[in-house]
Every structure is written in structure tokens, then in C-alpha cells.
Amino acid sequence: MNENETQEQEKNTLDQPEKIEGKKGKTKVELLVERYAKAYPREKVFHVTSDMQVFLSRDKNLAELHQKSLEKDEKIQTIKVK
């Protein structure tokens, strides 16, 4: 399997929550943050809104503003990576 096929498979998995539970017990948010962590290796904290928008640690205020603009009354999720 080449890199493009692997990336496409990951994308499809993120779009289908029922497949996520079988992938090492990771949630959809955790899988999404893992992909961002690869793109931003120096970042240690990511903020994820209920519509799955990811914000970097320094942009927490933007994440909060974005979450307030959504119809869902949920809190943002803060995920720390190693």
C-alpha cells in the first residue's frame, strides 16, 4: 500500500465513526489531532471544536469564538500530544 492509499484510508476512517472504534481504541478527535501533530511537530496542544475544526495552542481564543458561533452548545476539547 503506498502513501496516497494510506492517507485516503485514514481520511475515510475519519469520516466514518463506526470504523474508528476498532482502530486501537482511538476517538475521531484523537485520530484527527494525530494528523495535525504530524504537520505541526512543535505543537504540543490542540483545541478541537464540535464541528472538528482544529486550532493550535496559541489560538485557543479563536477556537472558543468559533465554538460559540456553532449551534451546538458544547465545550472545545483540548488534546495534549507527546
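Rule-based calculations on the coordinates, nothing more; no lab input. The shown structure was predicted, so the numbers you read here are calculated from the model rather than taken from an experiment. Every residue, glycine as well, gets a Cβ built from its backbone with ideal geometry; the counts of neighbours run over all protein chains shown.
Report, by chain and number, residues whose modeled amide H sits under 5 Å from the one on VAL45, excluding near sequence neighbours (fewer than 5 apart, same chain).
Placed amide hydrogens put SER57, VAL81 under 5 Å from VAL45.
Provide the gained length on full extension for the span GLU64 to THR27, in nm with one decimal, where the gain is 0.36 nm per separating residue minus the Cα-Cα distance. Walk me through the numbers before you get to the answer.
Values: separation 37, 0.36 × 37 = 13.32 nm, distance 2.12 nm.
Between GLU64 and THR27, full extension yields 11.2 nm more.
When the Karplus curve 6.51 cos²θ - 1.76 cosθ + 1.60 is applied with θ = phi - 60°, which whole-Hz ³J(HN,Hα) does each residue of the stretch 49-60 get, with x for Gly and Pro?
Karplus values, whole Hz, x for Gly and Pro: 8, 5, 9, 6, 7, 10, 10, 6, 4, 6, 10, 4.
Which one of VAL45, PHE55, SER69 is farthest out on the positive end of the charge dipole of the stretch 20-70, using unit charges on Cβ (Lys, Arg +1; Asp, Glu -1) and the Cα centre as origin?
VAL45
List, in order, the whole-Hz ³J(HN,Hα) value for each residue of the stretch 67-77 obtained from phi through the Karplus relation with A = 6.51, B = -1.76, C = 1.60 and θ = phi - 60°; use x for Gly and Pro.
Here the 3J(HN,Hα) series is 4, 5, 6, 8, 5, 6, 9, 10, 8, 6, 9 Hz.
Local charge sum around VAL45 (other residues, Cβ-Cβ under 12 Å, Lys/Arg +1, Asp/Glu -1)?
On the way: positive: ARG42, LYS44, ARG58, LYS60, LYS80, LYS82; negative: GLU43, ASP59.
Residues near VAL45 contribute +4 overall.
What ranking do 46-57, 29-40, 66-77 get when scored by the average of other Cβ atoms within 10 Å per residue, highest first?
Details: 46-57: 18.2, 29-40: 15.2, 66-77: 12.3.
The packing order, highest mean first, is 46-57, 29-40, 66-77.
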